[in-house]
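Notes to accompany the following structure.
The values are calculated or read from the model by the stated rules, or taken from the named source; none is laboratory data. It should be emphasised that the depicted structure is a prediction, and the values quoted were computed from it without experimental measurement. Using ideal geometry, Cβ is built from the backbone for each residue, glycine included, and neighbour counts are taken over all protein chains shown. Heavy atoms of the whole protein, side chains included, go into the accessibility calculation; ligands, DNA and RNA do not. Shrake-Rupley method; radii C 1.70, N 1.55, O 1.52, S 1.80 Å.
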Amino acid sequence: MLAGVYGVVAFVTLIFARQSADVAVVWPASAISIGLPLLWRRTDVRWDAAAVGAANLLVNTFIGTPPLVAVALAAASATSLLVAFALFRLAGLSHATESRLRSVLTLLFVSVATPVMGAVIGGVALSLHGLTDPVPLILSWWLAEAVSNMILLPVFFYWPTEAHRARLAMRVDQRERERRKNELALASLALLCVSLLPPLLNKGGLIQLASVAMLYVALRFGMFVTAVTVAIYASLVVLAATVGFWPLSVQNELSILALQTQLVLTTLPALVVAAVTSQGEHTRRALDATARRLEFALEGANDGLWDWHFPSQTAFYSGRYREILGYSRDTHESFLAWSHLIHPEDRERTEKAFAEHVSGATPTYHAEMRARTGDGSWIWVLDRGKVVERDADGEAVRAVGTLTDISGRKTLEEALEHLATHDPLTGLLNRGVFERGLVRAGLRLDRHGGRVAVLLVDLDHFKSVNDTYGHAAGDLLLEATGERLRRVVRDDDLAARLGGDEFAIIASGHSASEFDGLAQRLCDELSAPVSGAGFEVRPSVSIGVAVATTGSQVGEDLVARADRALYAAKSAGRGTWRFFGGRQSSANG
C-alpha cells in the first residue's frame, strides 16, 4: 500500500514539475512515505524503505529517466525514509508524542535534517548525468523535501489516537461539538477568502493574510486541525501556482525559492502557536486532573486544604476547611488566621513547630491543637503541611497543608486514658496513679521541703451494707464516698480508690496539725447518711495517717505505716483516726 501511494503521488508531482520549471516546488511523496509508517506505528521501516525505493525506480523508469540515475534517485528516496526514523528514535519522537512546543520544534528540525543525505545522493546523480553544478540541484532537492516535511508531517504526528478521541468525547458534549464544527467552517471560509486575494489582486505578498486565519485556527482548534489546515492550504497554493493561477508562477528556480519561503513563513507560525496552545491546554488539563484527584482524596480523608503565600501573607482555605471549623464559605480569611483560631495554650507550641519547618529544621510541619469554631467552642484538629516552594535564597514562598478534625480521636484517647487511670465506679484515681503519685510526692518533698502524709480510709461494716441492702446500695455508698472525698481534699492532694472499700489520700503540708484537720473533716463528711430507693445508710470510716519529712520516707513503707495506723483506728472502735505512733486527734507540729 505504501509503495502504491508513494508511486502515484511521485508520478503526479513529477508530471507537474516537468510542465513548470522541471523542479518540484514541494515533494509530498517523501513526507507521505515517512508519515504513513509513523501513523501505522512501524518501528522497523527497512521493508518500507525498500518498497519506496522500488516505487521510485518504477516511476522514474516509466517517465524515461536513465537507468543508473533512476537507481540513484530510488536510493535517495529510501535513504530519506531510513534517516527520518533514525532521527525520530534519536529525538524520542513518535506518533503518540504530545503536541508540546519542544516536540514541534524537534519535529521541524527533523523535517529539515531528514532530506540532506538523500538530496546529496540525488543531486550528485543528476549533476553527473547532466554535467552541471551539483550544488543548485542538491539545494533544490533538499528545500522541496524540507518544505513538504514541515507542512505534511505534523498531520501524521498529531493524528488523533483512539484515547485522544475518547477524552475529547468525554470533555465536549454534542452541542459543543456542533458549535465547534460551525466555528471551524467559518474559519475555513475566512481562510479561503483571504487566500483568493493574492491571485485576484495579483499581489503575492497578500499571502501573509492567510497566516492570520491560520493563527485563529491554531488558537481555537489545536495541533491536529491546524496541521491539516496548513497541509490543505499549502497544497492548494502549490497547485494554483503550478497551473498559473497564483501571481507568483513557478517558471524558474528563483520564483520557486520565493514561493517555498512564503509557504514556510505563512504556515510555520500557526504550527508553533498551535503547539504552545496545545501545551498550555495539556498543562491545564493535567492541573485540573490533579486538582480533582486531590479534591477527591481530601474529601475521602475528610480533610480541609490550606495554601499559604508568604510574600503576600495571603491564604486560600477550602470549603471543607471552613466546614470543619464551622465557618461559612463567605467568611473572610482574617477569621481563619492562626491568631484567631489557635487556643492560647497551644499557640506557642504550634508556632514553634511551624517555624522549625519553615527554617528547614524539620521535613514537614505537624501539630495537634485546639481551634476555635464559628460558635466560639473549641475542637481538636491536626494541622499538617509542607513548604512546597522556596526562592533562590532558600526563603519559603509557599506552603500547602491539610486540616483534620480529630475531636473524635481525642475524645476516645481521653476516655481510654481516664479508663486506665481512674476507678470506673467512683471516678477517683486508681491504685496505679496513686503509686506514681507517691514517687512524685517524694521528689517534691526533697525540692520544696515540708511534710507529706498518706491517709488510708476504710468504710466500716461495708460488707453488712451489701448483705442487708444489696450490692446496688453498696455501689451507691462507694460513689457517694468518692464524691465526698473530692469535696474534702485540696486541689494539690491526690485521692484514689485502692480497691473494695479502701481509699487513700496523698496530702502535702507543713505541720502535722494540717493533717489532723484533714482527718477530722474526712470523718465528719464521710459519716453523713446516704439514702437510696427504700434504704438509708449511716456510714462511718476508720482512717490511718502516716507522715514523712524526707523524700526517702515516701513509698511503700509510708503506706505500710498508714495501714498499721488504720488497724489501730479499727481496734479503737472504728469511726475515728489514728496517726502512726498512736496519737489520735493531734500531733506535734
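Do you know which residues across the range 270-306 are assigned to a helix (DSSP H, G or I), in contact with a Ser or Thr (Cβ under 6 Å, 6 or more places away or on another chain) and either at pLDDT below 75 or not hydrophobic (A, V, I, L, M, F, W, C) (or both)? Answer for the range 270-306, where residues must be assigned to a helix (DSSP H, G or I), in contact with a Ser or Thr (Cβ under 6 Å, 6 or more places away or on another chain) and either at pLDDT below 75 or not hydrophobic (A, V, I, L, M, F, W, C) (or both): Ala275, Ser278. On the given criteria, is Asp44 acidic (Asp, Glu) and free of Cβ contacts under 8 Å to residues at least 12 places away in the same chain? When the stated conditions are applied, Asp44 passes them.
For the range 455-471, indicate whether the set of residues that are of a type in the set (Val, Ile, Thr), at pLDDT 90 or above and within 60 Å of the chain's Cα centre (by Cα) is non-empty. No, every residue in the range 455-471 fails to be of a type in the set (Val, Ile, Thr), at pLDDT 90 or above and within 60 Å of the chain's Cα centre (by Cα).
More than 35 Å from the chain's Cα centre (by Cα), part of a strand (DSSP E or B) and of a type in the set (D, E, K, R) - does that describe any residue in the range 438-450? Spell out the reasoning first.
Pass one, the range 438-450, residues more than 35 Å from the chain's Cα centre (by Cα): 438-450.
After this cut, where a residue has to be part of a strand (DSSP E or B) as well, the list is none.
No: zero hits.
The set of residues in the range 213-238 being open to solvent by 30 Å² or more (accessible area, probe 1.4 Å) and either at pLDDT 75 or above or in contact with a strand residue (DSSP E or B) (Cβ under 7 Å, 6 or more places away or on another chain) (or both) consists of Leu215, Tyr216, Arg220, Phe224, Val225, Val228, Ile232, Ser235, Leu236.
Restricted to the range 525-558, and to residues there that are in contact with a helix residue (DSSP H, G or I) (Cβ under 9 Å, 6 or more places away or on another chain) and part of a helix (DSSP H, G or I), the residue that is surrounded by the fewest Cβ atoms within 10 Å (Cβ to Cβ) is Glu556.
Taken over the range 479-521, the residue count meeting the criterion of being open to solvent by 20 Å² or more (accessible area, probe 1.4 Å), small (Gly, Ala, Ser), in a strand (DSSP E or B) and under 14 Å from Ala453 (Cα atoms) is 1.
Just name the residue that is nearest to the chain's Cα centre (by Cα) out of those in the range 378-405 that are without any contact (Cβ under 8 Å) to a residue 12 or more places away in the chain and assigned to a loop (DSSP other than H, G, I, E, B). Steps first, please.
Narrowing the range 378-405 to residues without any contact (Cβ under 8 Å) to a residue 12 or more places away in the chain: 389-393.
Now restrict to residues that are assigned to a loop (DSSP other than H, G, I, E, B): 391-393.
On the way: Asp391: 20, Ala392: 23, Asp393: 25 Å.
So, considering only residues that are without any contact (Cβ under 8 Å) to a residue 12 or more places away in the chain and assigned to a loop (DSSP other than H, G, I, E, B), the one nearest to the chain's Cα centre (by Cα) is Asp391.
For the range 349-383, a tally of residues being buried (at least 18 other Cβ atoms within 10 Å of the Cβ) and of a type outside the set (A, V, I, L, M, F, W, C) returns 5.
In the range 304-318, the residues that are under 16 Å from Val358 (Cβ atoms) form Cβ pairs under 6 Å with partners that are basic (Lys, Arg), at six or more places apart or across chains, as follows: His309/Arg398.
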